[in-house]
Amino acid sequence: MVAPSLKLQDLIEEIRGAKTQAQEREVIQKECAHIRASFRDGDPVHRHRQLAKLLYVHMLGYPAHFGQMECLKLIASSRFTDKRVGYLGAMLLLDERHDAHLLITNSIKNDLSQGIQPVQGLALCTLSTMGSAEMCRDLAPEVEKLLLQPSPYVRKKAILTAVHMIRKVPELSSVFLPPCVHLLHERHHGILLGTITLITELCERSPAALKHFRKVVPQLVQILRTLVTTGYSTEHSISGVSDPFLQVQILRLLRILGRNHEESSETMNDLLAQVATNTDTSRNAGNAVLFETVLTIMDIHSAAGLRVLAVNILGRFLLNSDRNIRYVALTSLLRLVQSDHSAVQRHRPTVVDCLQETDASLSRRALELSLALVNSSNVRAMMQELQAFLESCPPDLRADCASGILLAAERFAPTKRWHIDTILHVLTTAGTHVRDDAVANLTQLIGGAQELHAYSVRRLYNALAEDISQQPLVQVAAWCIGEYGDLLLEGNCEEIEPLQVDEEEVLALLEKVLQSHMSLPATRGYALTALMKLSTRLQGDNNRIRQVVSIYRSCLDVELQQRAVEYDTLFRKYDHMRAAILEKMPLVERDGPQADEEAKQSKEAAQLSEAAPAPTESQASQLLDLLDLLDRASGDAQHPPPLDPSPGGALVYLLDLPCAPPPPAPIPDLKVFEREGVQLNLSFIRPPENPALLLITITATNSSEGDVTNFICQAAVPKSLQLQLQAPSGNTVPARGGLPITQLFRILNPNKAPLRLKLRLTYNHFHQSVQEIFEVNNLPVESWQ
Amino acid sequence: YASLYFCCAIEDQDNELITLEIIHRYVELLDKYFGSVCELDIIFNFEKAYFILDEFLLGGEVQETSKKNVLKAIEQADLLQEKTETMYHSKSFIGFKKAY
C-alpha cells in the first residue's frame, strides 16, 4: 500500500531537475503530501529519511512545521541515525517562541547523562543552539556535571554550552564561574578556548566577575607567550602562526581585563609589544592576530610608544594589497581618530590615497576618515584633494562629500575669501547634492564679508552665466545679484579680472532664470525678488523690471503670483517706500545674539558715518550740538538700551517670505518743511513684527523752477532712542517735480519714549546755499507709542 | 573556492579577519571530508555539512581549533551511525544498507 519513499538524494535531484518555479512547487507539494502521510502512519523505519527530505525542503523556503513533532520522536529513539537527524531537525525547526520546544528538554536530559559521547555531543550542540531560558535553567546541573568529565570532547562542548546558558540566564553565572580558574590549567586547546570564551562572557556581564578574573591576567599572559614562542605545530598552526583562534580569543579577554585598570595593563605591555612585532604578517592569519593586538593596545592603558606602534601597524595595513585588511584598517582608524589624532595624522597621505579605491565601502570610509583628519594646518591641501574627489566620486557619496567639505570649510577656513571660493566650487560641482541650509549659510557668509561683496557677486554672476541648472548656486547668485547689483555694474574689482557687465545683461540673466523650466519654485522666487531689488540699485529706468513683475501677476504658482502682485503694487502705489523696503539687508542672524550684536553695532556705526557725508569740522560739531540740544531738552538720562537683535529680522521677513510689504501705516504723512517750492515730507511705518522700530522715510520734492543740488539731510533724536540713517537715493532734485530724493531713517524706541526729531537740511537752490535747522513739530503720537 | 560563496553574520566587536580564517577552516574541513568539495557535494549532503559545522562551531563560538580533532569526531560519529544501521538492519528483513 505504501509506495517506497524517495531517497533524499533522489528528491534533491528531482527538485533540481524542475525547469520552472511552478514545477518545483509541484514536486515539493507532492512529496510533502507523502511525508505527511508517512508521519501520520508513524513509520519508524523511514522517519529519519522523511524528516531529512523535509529539512531540505525547509531550506528552500517551504513550510515544514508539521515535522516538529517528528523531531521529538526521532530524538527519543535509541537509533543514532534517528538522533542525528532528529537533533538537526530540532535546531532548524523548533523555535523557542513556541512552547513545543520544551518537549525535548527531557530527551536532552536523558541523552546528556547516558554517557555515549557522540550522543552527548548532539544534545549539547542542540541545547546551545536553540535552548531557551527555561531549558537552560532545567539543564544547568547536567551541564555543570559534564564540565568535570574526563573526556575533552564532551568537556569542551559543555563549556561552550555554559556560555550560551549564561547568555540566556545571567543568574547561572554563579554556577559556572567557580570551575573557570581550574579549567585554565588545561592544555587541550579546545578546552582552553572554550574556557576563555566563558570567562570573557562572565566578565562582560558582571563587574564583580571582572574584578575576580583580573587575577588570572598573568596566567593568560603566560599562555599567550608560550603560544607565540613555541615553534610550528602541525595540529594548530595556520601559515606559521600558532593557533590564531586561541591567540585572538586571549587578546580579546586581555583587552576586557586591562581596560581602565593600570596594573593589568602594565602586566600585558611587554607581551603585546612582542606579539605586535613578531607576528608573521604574510598571510591573513597573522594579520588577524595583529589586528586584535592593535585593538587591545588601543583600548587599555598602554604606554605611549605602544600606541604609536599600534597606529603605525594600522597605517601599514592601509598599504596592504588585500582589500579586507585595508577595510579593517580604515574602520579602526576611524574609531581612533578622535582619541589619537596626531598619530593618525601621520598617515594622512595614505588615507587620502585610499579615496581612489574602486570599492565603495572602502572609499566611503576613506572619505569619512579624510574629513575627520582635516585641521587648520592642512585644510588647504586637504580641501584640494577632497574637491578633486568630489568631481569624480560615485553619486551616492556626493552628498556626504559635499556636506563634509562645507562643514570642514566652515570650521577651518583660513580666509573668508577662501571660504567663499570653496563653497562656490562645491555648489558648481555638486550643487544638487548639498544640504538645504547650504544656501542660507552661504548668503549669511557673503553678507557678513562686506569687503568681499564685489568679489562674490562677480564670481557668482560668472558662474550663473555659465550654468543655471544647479539650484542652490542659482539661488545664492540671484540673491547676491539682487543685493549687490550696483557693485556688479561698477566694473572694477581688484581680485578678479575686470568685467564689463551692463544692466540689460544682468536683467536678461535673471529673466532667464525665472523662465527656465529647470528652476525650482523657490529659485524663481529668489530671481523675482532680485529683479525687484535691482530696480533701486540700477541707474536706468525700471520699465523692463516693471514689465516682468507685471507678467508674473498672473503666474500659476501662487507664491510667485503673490510676490509679483505685491511688487507691482509697490511700483504703483507705494513708490516712495520702494527704496526703503528694498534697501540692502542687514546681516542675517545666525548663531547667538552676541556675535550679531557686534556685527550690528559695527554696521550701524558704518552707516551713521555714511549718512554724514564728508563733514567738515563745523558740521560735525553742529551735529553734536543738535544731539546735545535734544538731550538737555528731554532731560532723559537713560542709557541707550541694548541693541535689539531682531530689527534685521523684521526686514528679512519682509523681503524673503510671502508677507505683504508693511501695511500702509495708519500714521498719516507729515509735511515738515517747505521753502520756495522745496518740500520735505515724512512718512511713518511701524512694522508689526517689531514694535520698537519706526521707519521714517523723508521725501524731498521740488516744484520750483530751479534744481536742488547737494541736498543733505541730517537728523538727531533723544539719547534714549537710536537713529540710523540709510543712504539717500540721491542728492539732486530736478526742477519742476523731478525725481524726489528719498531717505530712510530707522529709529529704535524700545522704551516708547516720546519721539522728538530735529532735522538739518543743507542744499543749493537758485545758486544759493541753504541751511535749515528745525525740530519737527506735531509728530503723530502713534509713531512712538 | 571554486564557485562556493560563504556568508557569515558577526557581532559588532568581532574580529573580521579571524572570521575569514573561520570560513577558510570550514572549507578546509569540507574539502578533507568530501575530497575536493564543490557545490554539489554540499547540496546533496547538506546534513553532513551541518554535522561538520557542529563539530567546528558550537553556539556561535569556535570549539575546536585542531583540524585533526574535528575530522576525527566526524569519523567517529559516522562509524557509530554505520554500526547502529548494520545492527538495526540485520534485525529487520528489509535488507538494504545504503545510507538514506
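Here region A:235-379 is described by how far its Cα atoms reach on the three principal axes: 46, 35, 20 Å, from widest to narrowest. The order of A:S321, A:S703, A:S239 by accessible area, most exposed first and with a 1.4 Å probe, is A:S321, A:S703, A:S239. Using just its DSSP H runs of length 4 or more, each adding -39500 (n - 2.57), the protein assembly as shown gives a mean residue ellipticity at 222 nm of -19000 deg cm²/dmol after division by all residues. Karplus-based coupling profile of region B:11-24, in residue order and whole Hz: 8, 3, 8, 6, 7, 5, 5, 6, 5, 4, 5, 4, 4, 4, with θ = phi - 60° in 6.51 cos²θ - 1.76 cosθ + 1.60 and x standing for Gly or Pro. For A:K512, a cut-off of 25 angstrom between C-alpha atoms picks up these lysines, skipping any fewer than 8 places away in its own chain: A:K533, A:K584. Can you list the residues of region B:52-74 that have at least 30 square angstrom less accessible area with all protein chains present than in their chain by itself, probe 1.4 Å? In region B:52-74, residues shielded by partner chains: B:D54, B:E55, B:L58, B:G59, B:E61, B:V62, B:Q63, B:E64, B:T65, B:S66. May I ask which residue of A:V45, A:Y327, A:L254 lies farthest towards the positive end of the charge dipole of the protein assembly as shown, with charges of +1 (Lys, Arg) and -1 (Asp, Glu) on Cβ and the Cα centre as origin? Checking the options against the dipole of the protein assembly as shown, the answer is A:V45.
With the alpha-carbon atoms of region B:16-89 aligned to their principal axes, the span from lowest to highest coordinate is 47, 26, 20 Å, starting with the largest.
Taking all protein chains as they are arranged and a probe of 1.4 Å, the heavy atoms of B:S3 leave approximately 70 Å² accessible to solvent.
Compared with the direct C-alpha span, the chain from A:I116 to A:Q500 gains 128.5 nm at full extension, assuming 0.36 nm per residue. Taking a straight Cα-Cα cut-off under 17 Å and skipping sequence neighbours fewer than 8 places away in the same chain, the lysines within cross-link reach of A:K19 are A:K30.
Approximating the spin labels as points 7 Å out from Cα along Cα→Cβ, the A:M59-to-A:E171 distance works out to 4.0 nm. Using θ = phi - 60° in the Karplus curve 6.51 cos²θ - 1.76 cosθ + 1.60, the 3J(HN,Hα) couplings for region A:761-777 round to 10, 9, 6, 10, 8, 6, 6, 10, 8, 10, 9, 10, 10, 7, 9, 6, 9 Hz; x is entered for Gly and Pro. Computed about its Cα centre, the charge dipole of the protein assembly as shown is approximately 3000 debye, with only Lys, Arg, Asp and Glu carrying charge at their Cβ.
Does anyone have the angle between helix A:617-634 and the longest principal axis of chain A? Alpha-carbon axes, 0 to 90°, nearest 10? Here the helix axis deviates by roughly 80 degrees. Applying 1/(1 + (r/R0)^6) with r as the Cβ-Cβ distance of A:V308 and A:E204 and R0 = 51 angstrom yields a FRET efficiency of 0.95.
Fully extending the segment from A:L148 to A:S361 would add 72.0 nm, taking 0.36 nm per residue of separation and subtracting the current Cα-Cα distance.
Across every pair of non-identical alpha carbons in region A:423-582, the mean reciprocal distance, once inverted, gives a Kirkwood radius of 15.9 Å.
Between helix A:21-41 and chain A there is an angle of about 40 degrees, using the helix long axis and the longest principal axis of the Cα atoms. Ignoring lysines fewer than eight residues from A:K752 along the same chain, the ones with Cα atoms less than 26 angstrom from its Cα are A:K600, A:K603, A:K671, A:K719. If you add up the charges near A:H765, with Lys and Arg at +1 and Asp and Glu at -1, over every other residue whose beta carbon is less than 12 angstrom from its beta carbon, what do you get? Taking every Cβ under 12 Å from that of A:H765, the sum is -3. Rounded to the nearest 10 degrees, the angle from helix A:133-147 to the longest Cα principal axis of chain A is 50 degrees.
The calculated FRET efficiency for the pair A:A522 and A:R40, based on their C-beta separation and a Förster distance of 51 Å, comes to about 0.15. Computed over the protein assembly as shown, the convex hull of the alpha-carbon atoms projects to a mean area of 52.6 nm².
Check A:V434: other-chain or 5+ apart residues with amide H under 5 Å from its amide H, H built from backbone geometry? Amide H neighbours of A:V434, under 5 Å, 5+ apart: none.
When A:R205, A:R411 are compared by accessible area of protein heavy atoms, the largest-first order is A:R411, A:R205, using a 1.4 Å probe.
The values are calculated or read from the model by the stated rules, or taken from the named source; none is laboratory data. All values derive from a computational prediction rather than experimental measurement. Cβ sites come from the backbone with ideal geometry, for glycine too, and all protein chains shown count toward neighbours. We work out accessible area using only protein heavy atoms, side chains counted, and drop any ligands, DNA or RNA first. Shrake-Rupley method; radii C 1.70, N 1.55, O 1.52, S 1.80 Å.
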